[in-house]
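Heads up, the thing below is written out as structure tokens.
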Ligand SMILES: Nc1ncnc2c1ncn2[C@@H]1O[C@H](COP(=O)(O)OP(=O)(O)O)[C@@H](O)[C@H]1O
Ligand SMILES: [Mg+2]
């Protein structure tokens, strides 16, 4: 039944050619605009210390395959004398201005106000500085007073995926899939702690010795985790997953070599034809990006409800309700879990439910949803292979306290999940879709799966970049064939599978 399509197969006969599910242009970004006062990075200075990491190395959204953006992982730091001078001026400034009043000004006016006072302090204290040094210092101070201090130049860059602060002296970033150390540092752990505090206070939380762990979000949508002493031994650790204003599209993933054009076609069909899908992968492997791509092909007239820990998905459809979990408040009350959201979703007459990240017992509710007429529901989860994704679901349900026999849970997974898409970040920093795998059914106690596409690593070039290829497994009629046919996508599906297989034959010939 799942064998190769024979040439005499006339499945493509009667139905009209399917409408191409063209991606919609990504115009309206629902995310709030970044802070207006986010200044460009300070200009490099010759006098006061070494330049910071360049504010715009490399192209935005550069793929691992493209012109590899130069990562200036310079470990140069500003000199001690810079921090001394800045400390002096900063101290005098804080005494001179009324911070509460400053907060009422808009960003430009506040900056002007600070500029005037800083210039005055420099004059009074007889500090010798060039104009460019003064400008740099002013930017630096404004960032401290109005924004996120030394993090500002990093936050302003769109090519950075993650910012990782390990105490005041060490800041790493991830650019183009590679982690690199920057020259950014904080004056001391107190300054870093103050910035952590400023970030989390925006969502009404605090982070200090008595409450040392906190998740928060920047106004631009970036996700933040702060963990501070005594739990973090060497000073506050701050991790920021930058919000990408322009999410990657399937076309871009094809350009980066993350997936072949045929594979991308199949994913489009999966998205449109209401195939229940799990996106699996490690941290930062591109799961959310992929889920976002899949959602672009959902028809405009469907009612979609999304559940996320921090809203990252950017659905383009008009009929979307976005839900977000809530951590407990300072008294440890008021938490709304993912499970609460997904359960509530079912009472909201959804046609599809999209769960940003399945981590726990909500796996059960998502499966229920997939099983009860909410076809085309999707979610991501953390696993290293499609098989592992399925067994992770099983253990999430078991650990959620459902006393169901494992066979029952597996049967439930089988009857709910249609396709698992596996994402991976390879050791050379490139991101690949390594599997598009179908769940077929049970054989005894075991879930049977079938790969449609796999990625194989065949070698490594002189620069340490992995060489690999996407391989079609020659499956002609996937299990979701009828579903694709129902949505008029079967011709396109056949074409994509054929073309993938022909490419395969051409290689092996
Ligand atoms: N195929 C890809 N090629 C290049 N960069 C990618 C790709 N997929 C994702 N990214 C980037 O990697 C970072 C992490 O992606 P994300 O989808 O949030 O990962 P996850 O949800 O698995 O943690 C983001 O900055 C994203 O833009
Ligand atoms: Mg994610």
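Quick check on residue 127: is it out of contact with any strand residue (DSSP E or B) (no Cβ under 8 Å at 6 or more places or on another chain) and assigned to a loop (DSSP other than H, G, I, E, B)? So residue 127 fits the description; yes. In segment 241-251, the condition of being buried (at least 21 other Cβ atoms within 10 Å of the Cβ), more than 16 Å from ligand 2 (Cβ to nearest atom), on the phi > 0 side of the Ramachandran plot and touching a residue at least 40 places away in the same chain (Cβ under 8 Å) is met by no residue. Put simply, of 431, 425, 407 the only residue that is more than 21 Å from residue 275 (Cβ to Cβ) and touching a helix residue (DSSP H, G or I) at 6+ places or on another chain (Cβ under 9 Å) is 431. When 336, 353 are checked against the criterion of being more than 16 Å from ligand 1 (Cβ to nearest atom) and within 28 Å of residue 388 (Cβ to Cβ), 353 stands alone in meeting it.
Inspect segment 201-214 for any residue being within 16 Å of ligand 1 (Cβ to nearest atom), buried (at least 17 other Cβ atoms within 10 Å of the Cβ), outside any strand (DSSP E or B) and on the phi < 0 side of the Ramachandran plot and give the result as yes or no. Before you say what the answer is, go through the steps one by one.
Going through segment 201-214, the residues within 16 Å of ligand 1 (Cβ to nearest atom) turn out to be none.
Looking for residues that are within 16 Å of ligand 1 (Cβ to nearest atom), buried (at least 17 other Cβ atoms within 10 Å of the Cβ), outside any strand (DSSP E or B) and on the phi < 0 side of the Ramachandran plot, one finds none in segment 201-214, hence no.
The set of residues from segment 278-316 being assigned to a loop (DSSP other than H, G, I, E, B), within 16 Å of ligand 2 (Cβ to nearest atom) and over 13 Å from the mean Cα position of the chain (by Cα) comprises just one member, 315. The set of residues in segment 235-256 that are away from ligand 1 (no atom under 13 Å from the Cβ) and in contact with a strand residue (DSSP E or B) (Cβ under 7 Å, 6 or more places away or on another chain) comprises 236, 237, 238. Among the residues of this structure, residue 230 counts as one that is under 30 Å from residue 206 (Cβ atoms) and more than 16 Å from ligand 2 (Cβ to nearest atom).
When 437, 473 are checked against the criterion of being in contact with a strand residue (DSSP E or B) (Cβ under 7 Å, 6 or more places away or on another chain), surrounded by 18 or more Cβ atoms within 10 Å (Cβ to Cβ), over 18 Å from residue 254 (Cβ atoms) and without any contact (Cβ under 8 Å) to a residue 60 or more places away in the chain, 437 stands alone in meeting it.
Candidates in segment 430-446 are the residues that are farther than 20 Å from residue 383 by Cα and part of a loop (DSSP other than H, G, I, E, B); of these, the one that is nearest to ligand 1 (Cβ to nearest atom) is 445. Here 141, 163 are screened, and the one residue that is buried (at least 18 other Cβ atoms within 10 Å of the Cβ) and at pLDDT 90 or above is 163.
Of the residues that make up segment 265-276, is at least one buried (at least 21 other Cβ atoms within 10 Å of the Cβ) and within 16 Å of ligand 2 (Cβ to nearest atom)?
No - not one qualifying residue is present in segment 265-276.
To keep it simple, each residue is scored yes or no on (1) within 16 Å of ligand 1 (Cβ to nearest atom); (2) within 23 Å of residue 486 (Cα to Cα); (3) surrounded by 21 or more Cβ atoms within 10 Å (Cβ to Cβ).
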| residue | (1), (2), (3) |
| --- | --- |
| 303 | no, yes, no |
| 341 | no, no, yes |
| 358 | yes, no, yes |
| 384 | yes, no, no |
| 393 | no, no, yes |
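Within segment 447-466, the set of residues being under 25 Å from residue 405 (Cβ atoms) and either part of a loop (DSSP other than H, G, I, E, B) or touching a helix residue (DSSP H, G or I) at 6+ places or on another chain (Cβ under 8 Å) (or both) comprises 447, 449.
Would you confirm, using the coordinates I've provided, whether residue 259 is farther than 25 Å from residue 309 by Cα, crowded, with 18+ Cβ neighbours inside 10 Å and within 11 Å of ligand 1 (Cβ to nearest atom)? Yes: the conditions hold for residue 259.
Can you find a residue in segment 141-157 that is farther than 22 Å from residue 222 by Cα and either assigned to a helix (DSSP H, G or I) or touching a residue at least 40 places away in the same chain (Cβ under 8 Å) (or both)? There is at least one residue in segment 141-157 that is farther than 22 Å from residue 222 by Cα and either assigned to a helix (DSSP H, G or I) or touching a residue at least 40 places away in the same chain (Cβ under 8 Å) (or both).
The values are calculated or read from the model by the stated rules, or taken from the named source; none is laboratory data. Predicted model, so just to flag it, every value in this text is computed and none were measured. Using ideal geometry, Cβ is built from the backbone for each residue, glycine included, and neighbour counts are taken over all protein chains shown.
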